[in-house]
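The values are calculated or read from the model by the stated rules, or taken from the named source; none is laboratory data. No experiment lies behind these values; they were computed from the predicted model shown. Virtual Cβ from ideal backbone geometry, glycine too; neighbours counted across all protein chains shown. Areas reflect the complete protein model, heavy atoms only, side chains present, ligands, DNA and RNA absent. Shrake-Rupley method; radii C 1.70, N 1.55, O 1.52, S 1.80 Å.
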Amino acid sequence: MTDLKKFISHAKEYGFVFPSSEIYDGLSAVYDYAQNGVALKKNIRDYWWKSMVQLHSNIVGIDASIFMHPTTWKASGHVDAFNDPLIDNKDSKKRYRADVLVEDYCAKIENKMDKEITKAAKRFGEAFNPEEFKTTNPRVVGYQEKINTILKRLGQSLEKEDLVDVRNLIEELEIACPESGSRNWTDVKQFNLMFGTKLGASAESAMDLYLRPETAQGIFVNFLNVQKTGRMKIPFGIAQTGKAFRNEIVARQFIFRMREFEQMEMQFFIPPGTQKEWYDQWKQTRLNWHLSLGMGAENYRFHDHEKLAHYADAAADIEFKFPFGFKELEGIHSRTDFDLKSHEEFSGKKLQYFDPELNENYVPYVVETSVGLDRMFLAVFSWALREETLEDGSTRTLLKLPAILAPTKVAILPLVKKDGLPELAKQLMDDLKWNHAVAYDEKDAVGRRYRRQDALGTPYCITIDHQTLEDRTVTIRDRDSMKQERIALDAVGGILNEKLDIKNWLKNI
Ligand code: GAP
């Protein structure tokens with residue numbers, strides 16, 4: 001089973017993610033979140049919201065509609081410029097994103113580089129310095145130079161909309177169709193990614209609308225409403241989470257690239273000329289947010305954009321090491337005053353801020369942070385899922401979710417289904433459920449119940465046994481270390497509150 005298949009199958013078996021409308025054989029790149037998935041997703045969303053809105057007195061939230069006036073998308077540039085470069089293989093009749101074909105080619109070179117580094121690490125043992133090796137080993141340096149040259153040329157061709165050169169690059173690199181192995185390609189063409197729909201009862205009076213391809217525009221058009229009613233002073237931010245829709249052509253890799261997905265975006269409004277400093281600051285703050293989850297600094301990296309979107313003067317991705325390699329998880333964009341100015345132009349309404357300190361009106365600049373909630377889900381889920389071999393040679397499936405994000409925080413397990421143990425366990429559950437997501441399980445041997453909770457990512461199990469009846473103590477089992485400790489029944493709530501206190505997770509960001 002490939003890695004990705006393993007994640008898809010675990011997500012289904014344990015009630016995290018189901019294919020959409022599965023009884024009708026599903027719908028490509030559309031997924032439903034199941035009972036545990038929806039809780040994990042909500043916890044990620046809450047973790048983001050708290051860090052952005054609750055912890056920043058100058059950031060407020062909104063929830064704008066998915067439908068927006070169609071002129072919004074003319075003004076934002078999406079009608080004219082929200083395109084992907086597509087190429088068809090004439091033999092397999094499969095359609096690809098031309099830029100993704102080239103990026104995948106580079107990912108293969110990167111894999112070769114990784115193999116060289118792993119081999120060298122084995123050869124040199126403890127003395128191995130990977131950073132030095134990467135900059136001095138001729139083969140690795142050569143691979144890196146090749147990647148840089150290819151990506152630079154791709155970026156420049158896309159920037160200039162030189163689609164002929166993108167095709168030439170695919171030919172020169174001898175990239176073959178992954179399906180047919182053939183190199184019989186069409187020209188590269190642009191394809192708009194927005195979904196159209198209609199508003200209105202009759203065909204004649206209906207108005208053409210788009211499903212929003214990003215949540216950001218709902219923030220821009222509300223900028224002055226929020227600024228005035230919230231008496232916000234620049235610099236300030238507006239945050240929003242919500243669905244976005246894109247008619248992705250290469251929709252694959254499970255929930256990495258979906259046609260209906262959720263974004264968590266924040267627009268930070270700043271005085272013109274200060275964008276560089278805020279851009280650097282938000283890059284770091286957002287990286288720190290990711291690092292606070294404890295999934296390993298080595299799994300993140302920045303990728304500064306060569307090709308800038310039509311609205312940006314600087315942009316970077318925070319990339320995460322997904323099972324299929326380093327890929328974009330979040331975008332940080334310095335969007336200048338492009339959007340607000342353009343909405344002023346198209347609407348004829350002023351979208352300016354009066355700065356009392358400078359005693360002047362201006363259109364603010366914007367630094368945006370934008371992370372896909374589903375992509376964040378995949379990052380957390382794929383990092384967390386692992387097979388472990390235990391000391392006795394047996395194996396267990398472990399979903400090592402950061403405890404703050406786990407769908408169920410604690411499972412209460414009576415050792416046996418009699419002698420008053422279930423009653424005591426249910427009392428404890430009633431006590432804890434006010435503050436934590438609690439599960440109760442009395443079926444099967446306790447060892448099997450532990451394994452099931454491990455696979456669901458539940459960080460703690462509390463077992464009620466006969467000793468509990470005598471001295472009101474229970475065992476608390478830690479999912480990762482599998483260590484069990486005997487503690488007072490009355491101490492359980494306090495211990496969980498401490499371990500799951502969001503302050504302890506977010507205080508260093
Ligand atoms: N408002 C800026 C914006 O939308 P983007 O880089 O196109 O920028 C931001 O998207 C984030 O949204 C990405 O980093 C990714 O996490 C997520 N995203 C974009 N397209 C997606 C898709 N088709 N499926 C899942 N997530 C997606």
With every protein chain in place, segment 83-192: carbon and sulfur % of accessible area (1.4 Å): 48 percent
Gyration tensor verdict on segment 351-420 (Cα atoms; rounded if a/c is under 1.5, prolate if a/b is larger than b/c, oblate otherwise): prolate
Distance between segment 451-509 and segment 174-213 - C-alpha centres, whole angstrom: 50 Å
Order by protection proxy (mean Cβ within 10 Å, highest first), peptides 467-480, 118-131: 467-480, 118-131
Solvent exposure of segment 408-506 as accessible area per residue, Å², 1.4 Å probe: 51 Å²
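Among the listed pairs LYS400/LYS433; LYS42/LYS327; LYS152/LYS243; LYS74/LYS198; LYS50/LYS228; LYS233/LYS507, which are separated by more than 27 Å between their Cα atoms? Spell out each step's value before the answer.
Details: LYS400/LYS433 22 Å; LYS42/LYS327 23 Å; LYS152/LYS243 32 Å; LYS74/LYS198 17 Å; LYS50/LYS228 23 Å; LYS233/LYS507 25 Å.
Violating the 27 Å limit, Cα to Cα: LYS152/LYS243.
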Net charge contributed by nearby residues that have their C-beta within less than 12 Å of ALA379 (K/R +1, D/E -1): -1
Relative contact order of segment 360-501, defined on C-alpha pairs under 8 angstrom at six or more residues apart (%): 21 percent
Segment ASP430-ASP444, length gained on full extension (0.36 nm per residue, minus Cα span): 2.8 nm
Nearest-0.05 FRET efficiency for ASP313 and ASN58, computed from C-beta distance (R0 30 Å): 0.85
Vicinal HN-Hα couplings computed from phi for segment 65-80 (Karplus, 6.51 cos²θ - 1.76 cosθ + 1.60; Hz; Gly/Pro x): 6, 6, 7, 9, 4, x, 5, 3, 7, 6, 5, 6, x, 5, 5, 8
Cα gyration tensor shape for segment 154-238, rounded if a/c is under 1.5, else prolate or oblate: oblate
Cα centroid separation - segment 64-108 against segment 244-307, whole Å: 18 Å
Where segment 96-255 is the region considered: accessible area per residue in Å², 1.4 Å probe: 54 Å²
Table column - 3J(HN,Hα) (Hz), segment 421-433, Karplus curve with 6.51, -1.76, 1.60, x for Gly and Pro: 5, x, 4, 5, 5, 5, 4, 5, 4, 4, 6, 7, 5
Most to least packed among 366-373, 43-50, 493-500 [average Cβ atoms within 10 Å]: 366-373, 43-50, 493-500
For segment 383-501: rounded, prolate or oblate by the Cα gyration tensor [a/c cutoff 1.5]: oblate
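Stretch LEU224-GLU204 to full length: gain in nm at 0.36 nm per residue minus the Cα-Cα span?
3.8 nm
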Cα-projected label distance for ARG45 with ARG386, points at 7 Å along beta-carbon direction, nm: 3.0 nm
Counted charge near LYS283, where neighbours are those whose Cβ lies closer than 13 Å (Asp, Glu -1; Lys, Arg +1): -4
